[in-house]
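Worksheet: the structure to be examined is printed underneath.
The values are calculated or read from the model by the stated rules, or taken from the named source; none is laboratory data. On a predicted model such as this, the values are computed, not experimentally measured, just so you know. Glycine also receives a Cβ, built like all others from the backbone with ideal geometry; neighbour counts cover every protein chain displayed.
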Amino acid sequence: MRAIHHWIDGKEAAGTSGRTADVYNPATGEVQGKVDLASKAEMDAAIAAAAEAQVAWGATNPQRRARVMMKMVDLLNRDMDKMAEVLSSEHGKTFPDAKGDIQRGLEVIEYSIGAPQLLKGEFIDGAGPGIDMYSMRQPLGVVAAITPFNFPAMIPLWKLGPALASGNAVILKPSERDPSVPNMIAALFKEAGLPDGVLQVIHGDKEAVDAILDSEVIQAVGFVGSTPIAQYIYERAAQTGKRAQCFGGAKNHMIIMPDADLDQAADALVGAGYGAAGERCMAISVAVPVGEETADKLIEKLVPRIEKLKVGPYTAGNDVDYGPVVTDAAKKNIERLVQTGVDQGAELVVDGRDFSLQGYENGFFVGPSLFDKVTPDMDIYKTEIFGPVLSTVRAASYEEALKLVMDHEYGNGTAIFTRDGDTARDFASRCNIGMVGINVPIPVPLAYFTFGGWKKSGFGDLNQHGPDAFRFYTRTKTVTSRWPSGIKEGAAFNFKAMD
Ligand code: NAD
């Protein structure tokens, strides 16, 4: 049984609260480790040490901070396979998908190498007689990142790159379900040259999170997770005057127009709906074919593809399309929601419940399910299932499909499959969603753009990574300066009063 400790002041530190949480291997259902859960006192001590370490780090010039990011890129590449192995064993996702999780985080570290450029302020010469005006971006101090289980490498790295390169110290509170990779990341940052104390990884649950929220030292909170917790953190962070960006859940729709290439659309739906067992905030969970004929043909193409999906443990390598879900509770919740779909009258075309894998009978595997004729009043439409379940809602027209997207409370991602540029352009322009794909099912923006949802998928006004992240992790100071006339007026030969 592995003990997973905090990472404090540049080394592993055993927790003192006496509380731990089980960390599973979702493929076997076995508990493989115990992670420490921090008390408020432990969190407060780690925050105080981070505040001390931040002073010198914030005063280190941005180019030197960027060099730590450069080195970090090398180290993440060096240890990619080792980290992906641990990631898969705690999360359950396939090995290639775990490498993708690290890769997409690494790209934000690459972007953060640009900190010296991104942190430059503005200047105007001669704003008035003898007056110059300039602005500078300064670190906030100590900031916190609270991250979800589904991307245990990517999302911590999205926070750490911009926050650290901007000169802040960071308290990372990762998900307690797959806590080992964040510790590995912290050890690599130390090897890359990050001074001790500037990054503290404190494991925990609500008690640790509440200690962050109540801290007067923490200046900003970056959160990613489910919507109820995102909203809670956003509201509570405001009470102590913190800035907060809190990203929540999703229900991403993909519209399939009658002119779309239906083979392409079906392939895209299967990958985006069932990849990572549907445990992605950018997964497509609702297919919206436009017109009855499109819907019938699409279902016909989806069924054989879904029936061919290979579900299994990450150790089976490339032979597996997706792995188990993260916990037994998640599995039960997904299966319960599938039953509500049946009870409320949706047509269950493929039933993934009662899926069992020989040799892995205790694993948290859920087979793929496909619903047809789902309507907006059903629970499976309103709720984020976060599992391998795709719902089909048939729309009579493009406008009806667009209205579904617009009226849903979530607004993370969406996609349209069509061959018509005019429809695609209209959709991208009018929909109230943060990230839009045109013939691209999972439109996750690259590191140098920003990532963020609208409506109940995102609280706060700046996005993750890209230039927004550097704005979020710095505050602007604007200086107006005027220098009275000095020695250029000529030498003075007599004593005179200062003016
Ligand atoms: P979660 O909300 O359960 O947990 C997220 C974090 O909050 C964890 O660190 C957890 O320890 C903490 N937490 C949980 N309950 C808490 C409580 N009551 N009080 C204080 N803190 C608490 O989310 P999860 O299950 O880890 O992740 C899945 C969710 O994250 C899904 O809803 C998914 O859509 C969302 N997600 C969103 C994005 C995005 O960018 N919008 C990205 C990834 C995941």
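A compact table of results
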item	result
Residue in the stretch 317-329 that is modelled with pLDDT under 95, on the phi < 0 side of the Ramachandran plot and surrounded by fewer than 17 Cβ atoms within 10 Å (Cβ to Cβ) present	yes
Qualifying residue in the stretch 189-204 (condition: farther than 22 Å from PRO162 by Cα, surrounded by fewer than 17 Cβ atoms within 10 Å (Cβ to Cβ) and not aromatic (Phe, Trp, Tyr))	no
Residue tally, condition within 14 Å of the ligand (Cβ to nearest atom) and more than 18 Å from the chain's Cα centre (by Cα), over the stretch 162-201	0
Residue ranges of helices (runs of 4 or more DSSP H) in the stretch 1-110 with at least 3 members at pLDDT below 95	none
All positions within the stretch 343-372 that are over 30 Å from the mean Cα position of the chain (by Cα), surrounded by 16 or more Cβ atoms within 10 Å (Cβ to Cβ) and free of Cβ contacts under 8 Å to residues at least 40 places away in the same chain	LEU348
Among (1) over 20 Å from VAL270 (Cα atoms); (2) polar (S, T, N, Q); (3) within 14 Å of the ligand (Cβ to nearest atom), the one test that SER397 misses	(3)
Scope the stretch 11-27; condition touching a residue at least 24 places away in the same chain (Cβ under 8 Å) and either in the same structural domain as VAL366 (by the TED database) or of a type in the set (Gly, Ala, Ser) (or both); matching residues	GLY15, SER17, ALA21, ALA27
Set ALA144, ALA98: member being surrounded by 18 or more Cβ atoms within 10 Å (Cβ to Cβ), in contact (Cβ under 8 Å) with a residue 24 or more places away in the chain and either in contact with a strand residue (DSSP E or B) (Cβ under 6 Å, 6 or more places away or on another chain) or over 28 Å from ARG2 (Cβ atoms) (or both)	ALA144
Filter result (polar (S, T, N, Q) and either assigned by the TED database to the domain that holds PHE95 or over 20 Å from LYS373 (Cβ atoms) (or both)) within the stretch 322-345	THR327, ASN333
